[in-house]
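Here the structure comes first, spelled out in structure tokens, and everything after it is commentary.
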Amino acid sequence: MNISLSVSCLAWGHDPPTSWESAESLKLILPTCLCVCSDPNQLGLRNHKKTIMAFSVTTRSHSYESYDATEDSVFEPSDFADSSDQNCMRQELVDQKSRRHKRFVRRHSYSPYEVKVKTLAHHHQWKAPEFFRGAKLPPGRMVAHQSSLPRLPVPNLAQTLQKYLKVVRPLVDDIAFQKTKQLVEEFGKPGGLGESLQSKLQSRAQERQNWLDDWWLHMAYLDYRDSVVIHVSPGIVCPPQDFNGKQEQLQFAAKLVAGVLDYKVQIDDQSVPIDKLRTRPLCMDQYYKLFSACRLPGEQRDQVVVYGPDCGVRPRHIVVVHNNQFFSLDVYDNNWKPLSPDLIHAQLQRVVCQSKHPSVPVGILTTENRDTWGMVYNQALKKDKTNKLSLEAINRSIFMLCLDQETVREKDRWTSMGHQLMHGGGSQHNSGNRWFDKTLQFTVGTDGAVGIVYEHSAAEGPPIIALLDHMLDYCSQSPAVKETSVHPKEPERLLFSLNNSVLEAIDNAKKSLDMQVRDLDLHLVTFKTYGKDFPKSQRLSPDSYIQIAMQLAYYEVNKVACATYESGSTRMFHLGRTDTIRSASVESLKFCQAMQDSSIQPSEKVALLRRAVEGHKRYAQETVSGQGIDRHLLGLKLIAVEAGLDVPDLFEDSTYEQAVHFKLSTSQVPSKYDSLLCFGPVVPDGYGICYNPAEDHLNFCISAFNRSRETDTVKLATALNQSLLDMQELLQTQAKL
Ligand code: COA
């Protein structure tokens, strides 16, 4: 981006710098700000020493101008501290800002072009440029909009049923389709079962903040009984680091911990920038479930505990695991200030000194089937007093840091890291150096493999990526870690007393985990020819374009379409999570078939491609607006079960079974870094595909199971590469004609 503008208010905790020469220097200064706000209207100042109105413009030529308004626009907190009327305070600020703005424009003789950019920026709610992305809002702002978020709607029944028939059409043959059509008509007829279930669902929606959230939490996560490893918990691979020895590993880990704590400060004072979909603010609830949280195994159903700000004793420790041994480490000083990277580094050195050799991998129990693990946890492990204390320390900890050994080498470094993040490489490697129930685990390996493993019930990928981006910014900007002679409280080893039944359970867990590891076929790959800029240049949505490329790749390999799941965020609604964007459509199938047919003219193929991409975009927009069909149908099914009725025939139909057998389970998880989220397939004969589209390249993680004869990640990746090239060629050739 070579044109950007920001009008920002900077609140300093100390004296401001005297001048800002360039965007670069502003970038360096920003992290030292207590508060950076891109919207003066949102400014609510109480605790900062000084506030400066700073106007800055980046023009076509990249030159940067700024206005240090120190002499006439410094506000002391006393200006506002006693005001109980926030709106009054804001208005005053806006008026003052507007007067200064005029003076500023006069003084700097802005060209009409620059003023226009300013006006535009105002229009876009003072949208901050790229380098403001890590900026904070004033305390409290992050949740100010929560109460006004709309409730998740219950879509119209007839609309859902019509759409259902449309999305299953490319998946089943004519006979199956005719049967499904009759079932839909029966279900949806006036006064029929559908209407009665719909009205029950509407009543539920009126009684709750979100009619779906607890159903979804239980059904998708807590009642799920397979291992969370590969099946539930994603691993996020960060750009690989190059460490020269153990010291550099620990120095990086210390910065990483400090960076995460820095982000937690923002969550605690509710100053994380509000996520938006275009201009619509999104629900920020998931951010509160990330820290000091843990899943607890149960027999039949798990639970999640969060030790948030309102819990009695606020956790002040993280847990560090090295050589399968766990240590509790306080990360705040007596004034609740996070420890510096230097001090954290000193503590990590102590942990490593005290855990030179691998011990029994008790953490591997968390990779087990949930019923099995629930039984060991509740009936054996937790009954011992020492174990109970150690388990509590893990559950309550803010997050976990895993200091790993080297990654198991796969075909390439990136794919090796994908394996490392998804399961730890097996029982002989890092899989016991984990606690997979912990909501957030950060891993730093001796070989520079860095990433995050997260337990999915708390949140979708985007909030975790926001944290990851902040953490990596922090690591790259903070100065080199220095040795220190100050030593805070000694890290506390968490002891486990393991009787024979637990040791046997650990042996079993090792065996089943190793089988899972052997079964995972994973391939991380970058498509380098172009990125999301190309579809944009063709006036096509990049996400929809990539989805259609995946349809084409799957069709090339299998010669059929398959039910395809793409996560669409419903965070526009209070406590919203996701619904399904169904990427396989009649239009996408027509395009795929045409691509195999040399008698069809390129111009017609282009028209079919555009129709498929635009159809996907429309479906995606409807889904994120709460008009998806999958969660609605699920709701109708669950409300029938809750009312003690039989599951309606519509859901017993083989077409429905096929429609929810997602052979392609996909998700876009963008990051400003080349990080890549990895997750497993959701059916035995399917693929999981996650992608992070950059401007000029596209990163993909493709997973499948080795036991399936139908799948092969390298084959699909090759087909995807070809699809993306073919689609580009098609569009470019036609553009030239
Ligand atoms: N022409 C030119 N540009 C276009 C375009 C068109 N026809 N259509 C879209 N674009 C632009 C957009 O303006 C946007 O620009 P920006 O990069 O400047 O913001 C960009 O292309 C990307 O838009 P698009 O590719 O259409 O996707 P999106 O960002 O709207 O994302 C979803 C679509 C479905 C991925 C998103 O809405 C979503 O739900 N994400 C969350 C998924 C999730 O939760 N995943 C985690 C599961 S663990």
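The tail of the calculated P(r) for the stretch 250-306 beyond 14 Å holds 68 percent of all Cα-Cα pairs. Rounded to the nearest angstrom and listed largest first, the equivalent-ellipsoid semi-axes of the stretch 394-470 from its Cα gyration tensor are 21, 15, 11. Put simply, when 146-158, 452-464 are sorted by average Cβ atoms within 10 angstrom per residue, most first, you get 452-464, 146-158.
Anything over 23 Å Cα to Cα? Flag those among Lys356/Lys411; Lys411/Lys715; Lys166/Lys200, in the order listed.
On the way: Lys356/Lys411 30 Å; Lys411/Lys715 15 Å; Lys166/Lys200 25 Å.
Exceeds cut-off: Lys356/Lys411; Lys166/Lys200.
With both labels modelled 7 Å from their Cα along Cα-to-Cβ, the Val408 to Gln477 distance reads 3.9 nm.
With the highest mean first, a sort of the peptides 345-356, 185-196, 420-431 on other beta-carbon atoms found within 10 angstrom per residue produces 420-431, 345-356, 185-196. Computed as a quarter of the hull surface, the mean projected area of the alpha carbon convex hull for the stretch 207-332 stands at 11.8 nm². Per residue, the convex hull around the alpha carbon atoms of the stretch 280-397 comes to 166 Å³. Cβ crowding within 10 Å ranks Asp649, Asp371 as Asp649, Asp371, fewest other Cβ atoms first.
Thinking of the stretch 147-238 as a set of Cα atoms, what percent of all their pairs are more than 21 Å apart? The partial results should precede the final answer.
On the way: 2399 of 4186 pairs.
Summing the P(r) of the stretch 147-238 above 21 Å gives 57 percent of all pairs.
Summing Lys and Arg as +1 and Asp and Glu as -1 over all other residues whose Cβ lies under 14 Å from the Cβ of Leu720 gives a net charge of -1.
Annotation: the antiparallel percentage among DSSP beta bridges lying fully within the stretch 231-521 is about 75.
If we count every other residue with Cβ under 9 angstrom of Lys663's Cβ, Lys/Arg +1 and Asp/Glu -1, where does the sum land? List each step's numbers first, then the result.
Numbers: positive: none; negative: Asp685, Glu710.
Net charge in that neighbourhood comes out at -2.
The calculated P(r) of the stretch 231-521, using every Cα pair and 10 Å bins from 0, goes 6, 30, 37, 22, 5, 0 in percent. Net charge of the neighbourhood of Glu185, taken over other residues with C-beta under 14 Å away and scored Lys/Arg +1, Asp/Glu -1, is -1.
So what's the stretch 186-256 giving for Rg/Rh, alpha carbon basis, Kirkwood Rh from the mean inverse pair distance?
Working: Rg = 23.8 Å, Rh = 17.4 Å.
We get a ratio of 1.37 for the stretch 186-256.
Any read-out appearing in this document is the output of simple, stated calculations on the displayed coordinates, not a laboratory observation. Note that the coordinates shown come from a computational prediction; the quantities given were computed from them, not determined experimentally. Quick reminder, even Gly has a Cβ in these numbers, built from the backbone with ideal geometry, and neighbours come from all protein chains shown.
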